[in-house]
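The values are calculated or read from the model by the stated rules, or taken from the named source; none is laboratory data. Owing to the predicted nature of the structure, the values given are computational and were not obtained by experimental measurement. Backbone-built Cβ (ideal geometry, glycine too); neighbour counts: all protein chains shown. Side chains are part of the model used for accessible areas, which takes the heavy atoms of the whole protein and leaves out ligands, DNA and RNA. Shrake-Rupley method; radii C 1.70, N 1.55, O 1.52, S 1.80 Å.
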Amino acid sequence: MKNILLQGKSVVKSFSQGDKNTKVLDCIDIDIYEGDFTVIMGASGAGKSTLLYNLSGMDRPNSGNVLFQEQDITRISEKKMAHLRANEFGFVFQKTHLVSSLTLYENIVLAGYINEKLTESEAKKRTDTLVEQMDLSEAKNRLPSAVSGGEAQRAAVARVVIGMPSILFADEPTGALNKKNSEEVMNIFSSLSAQGQTVLLVTHDMQAALHGNRILYLEDGKIIGELDLGNYSGTNREREEKLNHWLSSMRW
């Protein structure tokens, strides 16, 4: 039986503008299991990114609870939450947020230096390993402005996973990439998942979603469907048809 790593209980998030109150997350219950590659899909405005931010502690719900390893993180101080985000949670976004004045290698190794889990020598060794794994050897000494979008995003992923986070949150990480670079980045996520990394991905891209083993569908702030897609071993027609059929049933 899989262990629950992260849990949302009756999570509600609303935003107010003037006299208008909009409920974006409507009493959501969600379990994220250790080692799973969970994908959240849904139409624009369904609340996908808002759910990710509330589960990751980047934002806090109006009501309900978020538990990480059975600890209620909606009740801890901002200082403790920042420590948790720095050491247990990893974040990858559509924009890479790499330091423009540092090379790809320097961006990655610096993240290792400031992570309390690693010594300086361990950070260097792990950086070398990640550069090789993510096919960045030729680009590692270049600035972010001098590499492709795919290389920059792979470096951003390496910078996050160097600290060995318990869970990797990704919000539309392929949204600004072409098809080839998107597939390269998603193959990195699949490789990490195969090594046991827990991944929670928000995407509108069906090709990206195919890499997950568990797909959740969000509509009007509620999870209305779930699909067990099985572990990823490569994209094939049967897998595509299964996801396509299910998404059609969700009115996607």
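The helices (runs of 4 or more DSSP H) located wholly in the range 139-215 that include 2 or more residues which are open to solvent by 10 Å² or more (accessible area, probe 1.4 Å), touching a residue at least 24 places away in the same chain (Cβ under 8 Å) and closer than 11 Å to residue 96 by Cβ occupy 149-161. Annotation note: Cβ proximity below 7 Å between a residue of the range 106-130 that is in a helix (DSSP H, G or I) and a residue that is exposed (fewer than 14 other Cβ atoms within 10 Å of the Cβ) and of a type in the set (D, E, K, R) (sequence gap 6+ or interchain) occurs for 113/120. Entry remark, the range 16-35: residues being surrounded by 14 or more Cβ atoms within 10 Å (Cβ to Cβ) and acidic (Asp, Glu) number 3 in total. Of the strands (runs of 3 or more DSSP E) lying entirely inside the range 1-98, those containing at least 2 residues that are at pLDDT 95 or above and in contact with a Cys (Cβ under 9 Å, 6 or more places away or on another chain) are 4-17, 63-68.
What do you reckon, is residue 248 without any contact (Cβ under 8 Å) to a residue 24 or more places away in the chain and either assigned to a strand (DSSP E or B) or within 19 Å of residue 48 (Cα to Cα) (or both)?
Values: without any contact (Cβ under 8 Å) to a residue 24 or more places away in the chain: yes; either assigned to a strand (DSSP E or B) or within 19 Å of residue 48 (Cα to Cα) (or both): yes.
The answer is yes for residue 248.
Taking the condition open to solvent by less than 30 Å² (accessible area, probe 1.4 Å), among the charged types (D, E, K, R), more than 15 Å from the chain's Cα centre (by Cα) and within 30 Å of residue 249 (Cβ to Cβ), does residue 13 pass?
Details: open to solvent by less than 30 Å² (accessible area, probe 1.4 Å): yes; among the charged types (D, E, K, R): yes; more than 15 Å from the chain's Cα centre (by Cα): yes; within 30 Å of residue 249 (Cβ to Cβ): yes.
Yes; evaluated as a whole, the condition is true for this residue.
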